[in-house]
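Undergrad: Here it is: the structure, laid out below.
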Amino acid sequence: MENILFLDSKETKKAKVERLSDHTIQIMIEGEANTSGFHLVTDEGILYGKYEEFTTLYKEIEGGFILSDDGSVYEEPEPLPEPEIKPYEPTLEELREAKVAEMNGAQQQAVQAGVNVTLTDGIVEHFTLTEHDQTSLMGLQSQVLAGEESIPWHNSDEMEHCKFYSNADMGLITSAAMAYVTWHVTYFRDLRIYIRSLQDKEEVEAVTYGMDIPAAYQSEPLKAMLAARQS
């Protein structure tokens, strides 16, 4: 610590004085900044440093201040501009595969939502087609082929109990379910081939599930099913 004597005071104080550059000096001392200039003296009062030109407050800091002898003051540097982050632009291939995944999800959702079936008495019931439902219906189909009557099953209404369906009704249910699943599986496979053939990003983004697939990308089974729907 040095003995510092500010020129507007007759009392020396203890301070830590450090030259930072040719024109700035840092003074760590209690109290407010003093810009009257200063001397450094020994404990006996002998002068050994004159800093009478350091009369400009360059910067206040925690625990002290910095003075300059050339009138300069600290200026906050201009903040660096944040780099412009451009949003990632997916490639055509990435867009196509993302669309395929989206359409696959739509296909599965459509299948699991199920199908309406008109039974022999003219009543329409709805049947969900989750993976579990599909597996169970395949087993029930074997019972139909075996000629069994009173086959237990349930429709999609969770408020209804399971009930017995006649052989004829269960045949209608299993046939409609398998046809519905086959339609969506066939349609999706052709749609996937069509998507992967596209060479324009906007065309890929415009694809929706259920759209008409161009004839050039329709399989023979899909063409047959479309013709049957129109007849």
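The rows are residues; the columns are (1) of a type in the set (Lys, Arg); (2) surrounded by 14 or more Cβ atoms within 10 Å (Cβ to Cβ); (3) over 30 Å from Ala216 (Cα atoms).
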{"position": "Val144", "(1), (2), (3)": "no, yes, yes"}
{"position": "Gly147", "(1), (2), (3)": "no, no, yes"}
{"position": "Ser156", "(1), (2), (3)": "no, yes, yes"}
{"position": "His161", "(1), (2), (3)": "no, no, yes"}
{"position": "Phe164", "(1), (2), (3)": "no, no, yes"}
{"position": "Ile173", "(1), (2), (3)": "no, yes, yes"}
{"position": "Met178", "(1), (2), (3)": "no, yes, no"}
{"position": "Thr186", "(1), (2), (3)": "no, yes, no"}
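Undergrad: Could I ask something else about it? For the range 33-73, enumerate the residues that are over 19 Å from Leu5 (Cβ atoms) and of a type in the set (A, V, I, L, M).
TA: Residues satisfying the conditions are Ile61, Val73.
Undergrad: From the list Val117, Val111, Val100, which residue is crowded, with 17+ Cβ neighbours inside 10 Å and in a strand (DSSP E or B)?
TA: Val117
This table checks each residue for (1) within 24 Å of Val207 (Cβ to Cβ); (2) more than 48 Å from the chain's Cα centre (by Cα).
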{"site": "Gly45", "(1), (2)": "no, yes"}
{"site": "Tyr48", "(1), (2)": "no, yes"}
{"site": "Glu62", "(1), (2)": "no, no"}
{"site": "Ser72", "(1), (2)": "no, yes"}
{"site": "Pro87", "(1), (2)": "yes, no"}
{"site": "Thr91", "(1), (2)": "yes, no"}
{"site": "Asn104", "(1), (2)": "yes, no"}
{"site": "Gln108", "(1), (2)": "yes, no"}
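Undergrad: Among the strands (runs of 3 or more DSSP E) confined wholly to the range 1-96, which include 1 or more residues that are at pLDDT 95 or above, closer than 30 Å to Arg196 by Cβ and of a type in the set (Gly, Ala, Ser)?
TA: none
Undergrad: Look through the range 120-142, keep the residues that are assigned to a helix (DSSP H, G or I) and hydroxyl-bearing (Ser, Thr, Tyr), and return whichever of them is farthest from Ile213 (Cα to Cα).
TA: Ranking the qualifying residues of the range 120-142, first place goes to Ser142.
Undergrad: Quick one: Glu131 ticks every box in (1) under 30 Å from Thr174 (Cα atoms); (2) surrounded by fewer than 11 Cβ atoms within 10 Å (Cβ to Cβ); (3) at pLDDT 95 or above bar one, so which box is it?
TA: With (1) under 30 Å from Thr174 (Cα atoms); (2) surrounded by fewer than 11 Cβ atoms within 10 Å (Cβ to Cβ); (3) at pLDDT 95 or above applied to Glu131, the lone miss is (3).
The values are calculated or read from the model by the stated rules, or taken from the named source; none is laboratory data. Here the structure is a predicted model, which is why all the values come from computation and not from measurement. Ideal geometry is used to build each Cβ from the backbone, glycine not excepted, and the neighbour counts take in all protein chains shown.
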